[in-house]
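Q: Structure incoming, see below.
The values are calculated or read from the model by the stated rules, or taken from the named source; none is laboratory data. Only a predicted model underlies this, so the values are computations on that prediction, with no experimental measurement involved. Ideal geometry is used to build each Cβ from the backbone, glycine not excepted, and the neighbour counts take in all protein chains shown. Heavy atoms of the whole protein, side chains included, go into the accessibility calculation; ligands, DNA and RNA do not. Shrake-Rupley method; radii C 1.70, N 1.55, O 1.52, S 1.80 Å.
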Amino acid sequence: MDARFDAAVIGAGAAGMMAAAVAAQRGLRVVLVDHAQRLAEKIRISGGGRCNFTNLGTSPAQFLSRNPDFCRSALRAYGPADFLDLLRAHRVSWHEKHRGQLFCDDSSESVIEVLRRECAAGGVQWRMPCTVRGVGRETGGFRLDTEAGPIRAARLVLATGGMAIPQLGATDFSLRIARQFGLRIVEPRPALVPLTFDADHWKPYAALAGVSLEVRLTHEAAAPEGGGKRSRRPARAEFLEDLLFTHRGLSGPGILQISSHWRPGDPIRIDLAPGGDMAEALVAAKSGGRQTVAAALAQAWPRRLAEAWLAAAGPADGAARDEDLANLGGQRLADVADRRLRALGERIHRWTLWPTGTAGYKKAEVMSGGVDTGELDQRSLEARRCPGLHVIGEAVDVTGWLGGYNFQWAWSSGVACGRALAVD
Ligand SMILES: Cc1cc2nc3c(=O)[nH]c(=O)nc-3n(C[C@H](O)[C@H](O)[C@H](O)COP(=O)(O)OP(=O)(O)OC[C@H]3O[C@@H](n4cnc5c(N)ncnc54)[C@H](O)[C@@H]3O)c2cc1C
């Protein structure tokens, strides 16, 4: 027997549950369909199990998109303060960790429970786990062919998120269905993801795996994206965050941030001693006795980094003036010419690297790209060329920085869509 609904939401994650709850509490008959065994896995594992569910500093400036203004309306209509009101109503407590990032005091399960209760309050019906085999248009709405039988709905919401962490059941479902209905897609790619290097190039640094320090990372786009005027990728991005060396390359919050801007062929620049002038500090330290260059650097860095980086920096980077940097580590500071110390300082502040790739969707926190915002109304998230079809959350070409912004986009786009479903 066919089941008929006002709205079917595919994807019971952050955005889908929010949209379903908001629409159902406004009186709509809503069904939420998800193929997973467990509810909202990405909320569960997020923020180290404590879910960094928003950021107090949220504004459109922390989102990447072909149209950076697209998220403005949804964020204004439902921002961090609104989500905090919801948590308060459910007696969930939180704390601020770092630069406006808010985490649950208890566990991310409490956020899942809030959304589950909000869905229950509206009488949302569930089909889970349930595979959707296909979606079609028919008079009066959409027909879903599911393993639990056909579902008919006047409106359809695509909320299956991005492709990051396929091992948790992430798929490109929303993008496939959007394409089926003629919507343009901005090429998806892994984002908030570690960067990798050619194994030979990285060999001298591989021993540094596990070393972490605060750095300033800069990315300048080597070429405009997508050719010409439609490109909205910021020409320059800069982050002061921690960097982590790994066996295959670089990770840590700073690299994850930069990775969303990086494209193959682009260099990244790392200031390994932000906030100081290493060249002048090294020259000034010459008078300070018998210490080696490595020992001097070890005052600012972990010793392991000072030794291995100095050993690798000359030959491995392939940049100019290698002869100035070769074999410096063991030399006494006082014996090294000022010119060579200044060259070293310059390299420390402007270490330029050309990553060869990313660690891919298996290690990414999000997918960037997705359904082109030009296809959607920014207030309702409804497709202009396919009335009744909405796309929300990570499946849309709106990608937040690290720090709670992606969940805020999920909540904001979910609420905008849920309200619009109930108005129409
Ligand atoms: C390890 C990790 C940590 C993260 N930590 C944070 C954080 O602390 N703060 C933050 O802001 N963001 C974080 N993120 C990003 C955040 O989880 C996502 O941006 C957010 O969950 C996107 O919400 P969504 O509703 O669009 O998609 P999701 O929450 O991913 O939900 C999509 C749902 O669709 C279902 N689905 C997928 N394919 C199908 C299909 N074919 N058929 C039926 N159902 C399907 C899935 O099972 C899932 O339930 C993290 C991501 C990862 C991977």
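Q: Roughly speaking, what is the stretch gain from Arg263 to Arg76, that is 0.36 nm per residue apart minus the C-alpha to C-alpha distance, in nm to one decimal?
A: Details: separation 187, 0.36 × 187 = 67.32 nm, distance 3.05 nm.
Once the chain is fully extended between Arg263 and Arg76, it gains 64.3 nm.
Q: Across the range 140-150, in residue order, what do the Karplus-derived ³J(HN,Hα) couplings come to in whole Hz, using 6.51 cos²θ - 1.76 cosθ + 1.60 with θ = phi - 60° and x for Gly and Pro?
A: So the Karplus estimates, Gly and Pro as x, are x, x, 10, 10, 9, 9, 10, 6, 9, x, x Hz.
Q: Moving on. Which value, in debye to the nearest 20, describes the size of the charge dipole of the chain about its Cα centre when Lys and Arg Cβ atoms bear +1, Asp and Glu Cβ atoms bear -1, and nothing else is charged?
A: About 600 debye.
Q: Taking the chain as a Gaussian network, where each spring joins two C-alpha atoms under 10 Å apart, which residue of Ser65, Ser287, Ser260 fluctuates the most?
A: Its mean-square fluctuation being the largest, the pick is Ser287.
Q: Same structure, new question: In the full protein assembly as shown, how much of Ile185 is accessible to a 1.4 Å probe, in Å² to the nearest 10?
A: Counting only protein heavy atoms, the figure is 40 Å².
Q: Using the beta-carbon distance between Ala300 and Asp242 and R0 = 22 Å, what value does 1/(1 + (r/R0)^6) give for FRET efficiency, to the nearest 0.05?
A: It comes out at approximately 0.90.
Q: A follow-up question, please. Taking amide H atoms as placed 1.01 Å from N in the peptide plane, list the residues 5 or more away in sequence, or in a different chain, whose amide H sits under 5 Å from that of Glu382.
A: When sequence neighbours closer than 5 places are left aside, the close amide H contacts are Asp377.
Q: Right, another one. Comparing Glu118, Glu365, Glu96, which has the greatest mean-square fluctuation in the GNM of the chain with Cα pairs linked when under 10 Å apart?
A: Per the Cα network of the chain with a 10 Å cutoff, Glu96 tops the list.
Q: Where the centre of each part is set by its Cα atoms, how far does the range 200-223 sit from the range 96-134, in angstrom?
A: 36
Q: Run the quick spin-label model on Glu113 and Ser287: label points 7 Å from Cα toward the beta carbon, then report their separation in nm to one decimal.
A: 6.4
Q: What list of ³J(HN,Hα) values in whole Hz, one per residue of the range 127-132 in order, does the Karplus curve 6.51 cos²θ - 1.76 cosθ + 1.60 (θ = phi - 60°) give from phi, with Gly and Pro shown as x?
A: Once rounded to whole Hz, the list reads 10, 6, x, 7, 8, 9.
Q: Further, regarding this structure: For Met367, Met278, Met128, give the ranking by accessible area with the largest first, probe 1.4 Å.
A: I get Met128, Met278, Met367, largest accessible area first.
Q: Still on this structure, please answer the following. Check which residues have an amide H placed less than 5 Å from Asp198's amide H, if you skip close sequence neighbours.
A: Result for Asp198 returns Thr356.
Q: Per residue, how large is the accessible surface of the chain? Use a 1.4 angstrom probe and give square angstrom. Mind dumping the intermediate values first?
A: Values: 17730 Å² over 424 residues.
Roughly 42 Å² per residue, with all protein chains present.
Q: Near Thr246, within a Cβ-to-Cβ distance under 15 Å, what is the net charge of the other residues, with Lys and Arg +1 and Asp and Glu -1?
A: The answer is +3.
Q: Moving on. Excluding same-chain pairs closer than 8 in sequence, count the lysine pairs in the chain whose Cα atoms lie under 26 Å apart.
A: 6
Q: By how many nm would the segment from Arg350 to Asp338 grow when fully extended, if each residue of separation counts as 0.36 nm and the alpha-carbon distance is taken off?
A: Extra length available between Arg350 and Asp338 comes to 2.5 nm.
Q: Still on this structure, I have one more. Kindly report, to the nearest 10 Å², the accessible surface of Lys97 as traced by a 1.4 Å probe over protein heavy atoms only.
A: 130
Q: Let me ask something additional. Go ahead and set up a Gaussian network model of the chain, Cα springs under 10 Å, then flag whichever of His219, His90, His390 fluctuates most.
A: His90
Q: May I pose another question? Considering the dipole of the chain built from charges on the beta carbon (Lys and Arg +1, Asp and Glu -1) around the Cα centre, which of Ala81, Met17, Leu297 is farthest to its positive end?
A: Going by the charge dipole, the pick is Met17.
Q: How far is it, in nm, from the label point at Ala89 to the one at Leu56 when both lie 7 Å from their Cα along the line to the Cβ?
A: Placing both labels 7 Å along Cα→Cβ, they lie 2.3 nm apart.
Q: Something else about it: Each label point is 7 Å from the Cα along the Cα-to-Cβ direction; what then is the distance between the points at Arg26 and Asp277, in nm?
A: 5.9
Q: Compute, for Phe181, the solvent-accessible surface of its heavy atoms (probe 1.4 Å) with the complete set of protein chains present, and express it in square angstrom to the nearest 10.
A: In the full protein context, Phe181 sits at about 30 Å².
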